Amino acid sequence: MKLKVIETDMEYLERKHQQHYKHLTWNEFITNEKLELVYVAIQELQQEFNIPDDNLHLENAFELTEDLREEHFTQEGLRMNCELCKGVGWIDTFNTEDRVQEIQKCDDCNIFKTDKEAREEEL
Ligand SMILES: [Zn+2]
């Protein structure tokens, strides 16, 4: 008999974070998840109470949650907000180990996975 593996919520979240949201810190990811749940909850309410799509309150609620997610949690949004690299995704820095000036990926927004990737983008 095959054992059915049931994923706990936490495991599911950890996997989702690793697979699709690595550019976010864990806390940012969780906040993003909560916003998504708010969005879904509004959709459920709309259906339950047959609220028309053009209801002003409904439109506001959808737009505001979407705005928040786009501004803070998409790669593009993070690029705009990153203070360390000013949104380019890489920094020109002095490597104290090798004692050379070099391009490194920005560790704050993690737009690039490796320093090499960041260097190719900069060229
Ligand atoms: Zn950055």
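Annotations for the structure displayed:
- For residue 109, the conditions (1) free of Cβ contacts under 8 Å to residues at least 24 places away in the same chain; (2) within 12 Å of the ligand (Cβ to nearest atom) all hold with the exception of (1).
- Among residues of region 101-113, those that are of a type outside the set (Asp, Glu), over 14 Å from the mean Cα position of the chain (by Cα) and at pLDDT below 90, counted: 2
- Residue-level check: of (1) of a type in the set (S, T, N, Q); (2) away from the ligand (no atom under 16 Å from the Cβ); (3) at pLDDT 90 or above, residue 19 misses just (3).
- Search result, residues across region 114-123 that are at pLDDT below 85 and either touching a Phe, Trp or Tyr at 6+ places or on another chain (Cβ under 9 Å) or within 15 Å of the ligand (Cβ to nearest atom) (or both): 121, 122
- Considering residues of region 66-82 that are modelled with pLDDT under 85 and hydrophobic (A, V, I, L, M, F, W, C) only, the residue nearest to the ligand (Cβ to nearest atom): 82
- Checked against the criterion of being free of Cβ contacts under 8 Å to residues at least 24 places away in the same chain and within 16 Å of the ligand (Cβ to nearest atom), the candidates 92, 54, 98 yield just one match: 92.
- The single condition among (1) part of a helix (DSSP H, G or I); (2) over 21 Å from residue 29 (Cβ atoms); (3) within 13 Å of the ligand (Cβ to nearest atom) that residue 60 does not satisfy is (3).
- Residue in region 44-53 that is surrounded by 16 or more Cβ atoms within 10 Å (Cβ to Cβ) and among the charged types (D, E, K, R) present: no
The values are calculated or read from the model by the stated rules, or taken from the named source; none is laboratory data. Note that this is a predicted model, so its numbers are computed, not measured. Positions of Cβ are backbone-derived with ideal geometry, glycine not excepted, and every protein chain shown enters the neighbour counts.
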